[in-house]
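The values are calculated or read from the model by the stated rules, or taken from the named source; none is laboratory data. Not measured: the values here are computed from a predicted model. Methodologically, a virtual Cβ is constructed for each residue, glycine included, from the backbone with ideal geometry; neighbour enumeration extends over all protein chains shown. SASA here: full protein model, heavy atoms, side chains in, ligands and nucleic acids out. Shrake-Rupley method; radii C 1.70, N 1.55, O 1.52, S 1.80 Å.
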Amino acid sequence: MDVPLVVGGGVAVLARTFLKDKLSRVSCPCDSAGLNFIDRGTVSNSSSHSANVASDVTAALAIAAPVVLDLVDVGLSQAFGEDLLIFAETLAVNSTVQQVANFAVARPRPRTYASDPAYLTSSEGYLSFYSGHVATVFAALSAASFTLQLRYGEQVWPWVVTGAVGSSVAVERVLAGSHFPTDVAAGALAGVAFGIAVPWLHARSRQHRLSIQPAEGGRGLALAGAF
């Protein structure tokens with residue numbers, strides 16, 4: 001299932017790139033009075049371009065850094081190949097679910113509520129829930145943290161880094177006017193869930209793997225497995 005899942009994630013990203021104008025639903029002008037009290041205060045005509053750029057750069061680093069550091073750690077080995085596949089599958093599953101949520105919910109962004117011309121009539125202005133940047137960062141770093149925990153028993157500092165970097169991206173996405181606080185909170189929860197679940201399922205399947213071994217006394221073969 002690994003390769004089809006990774007390919008499916010790539011298809012989901014391509015679908016967003018080439019079909020978003022057909023799949024999105026333009027529904028504004030919108031009244032911010034209908035928002036919940038947590039999100040209402042983030043609707044503003046001002047947005048931070050630097051925060052937007054910072055979130056893009058951080059998300060790219062969150063994807064690249066675990067791969068590079070893992071390569072330095074274990075080298076070009078079978079372990080690296082397995083880590084890379086699991087990492088890619090984590091991002092693929094995370095991206096696929098995020099795309100489905102974006103187009104199914106079709107929530108206007110804060111800048112769309114603020115009648116920003118660049119967002120008001122653009123399909124990209126109606127993909128606020130949930131935050132893909134935040135989900136991707138948390139998924140990537142959670143997968144890396146969980147892998148370190150399984151391999152070396154590290155249980156504190158990788159998760160501190162995950163929380164700190166992911167939270168910074170969440171703040172940046174809100175400051176950029178791209179997402180509401182509830183969007184980034186949902187993205188964080190989804191990213192952590194997929195970042196833990198995919199590596200955990202692979203580790204669990206490995207523990208339950210069957211194998212053929214010489215029978216006791218050297219007479220014939222026996223089927224062995226851990227459950």
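What to note about this one:
- All positions within the range 19-77 that are under 23 Å from the mean Cα position of the chain (by Cα), within 17 Å of Arg111 (Cα to Cα) and open to solvent by 40 Å² or more (accessible area, probe 1.4 Å): His49, Ser50, Asn52, Val53
- Condition met for Leu85 (aliphatic (A, V, I, L, M), open to solvent by 50 Å² or more (accessible area, probe 1.4 Å) and within 19 Å of the chain's Cα centre (by Cα)): yes
- Cβ separations smaller than 9 Å between residues 6+ apart or across chains give the following pairs from the range 163-174 residues that are farther than 11 Å from Ala59 by Cα and of a type in the set (A, V, I, L, M) to residues that are open to solvent by 30 Å² or more (accessible area, probe 1.4 Å) and assigned to a helix (DSSP H, G or I): Val174/Pro181.
- Being without any contact (Cβ under 8 Å) to a residue 12 or more places away in the chain and either within 30 Å of Phe87 (Cβ to Cβ) or part of a helix (DSSP H, G or I) (or both) is a description that does not apply to Leu5.
- Of the residues making up the range 124-143, those that are open to solvent by 10 Å² or more (accessible area, probe 1.4 Å) and not in a loop (DSSP other than H, G, I, E, B) are Glu124, Gly132, His133, Thr136, Phe138, Leu141.
- Here the range 109-123 is the region considered, the condition is being assigned to a loop (DSSP other than H, G, I, E, B) and out of contact with any His (no Cβ under 9 Å at 6 or more places or on another chain), and the residue that is nearest to Asp21 (Cα to Cα) is Ser122.
Every residue, every condition in (1) modelled with pLDDT of 95 or more; (2) of a type in the set (Ser, Thr, Tyr); (3) touching a strand residue (DSSP E or B) at 6+ places or on another chain (Cβ under 9 Å), yes or no:
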site	(1), (2), (3)
Val97	yes, no, no
Ala101	yes, no, no
Ala106	no, no, no
Val134	yes, no, no
Val137	yes, no, no
Glu154	no, no, no
Val161	yes, no, no
Val165	yes, no, no
Ser168	yes, yes, no
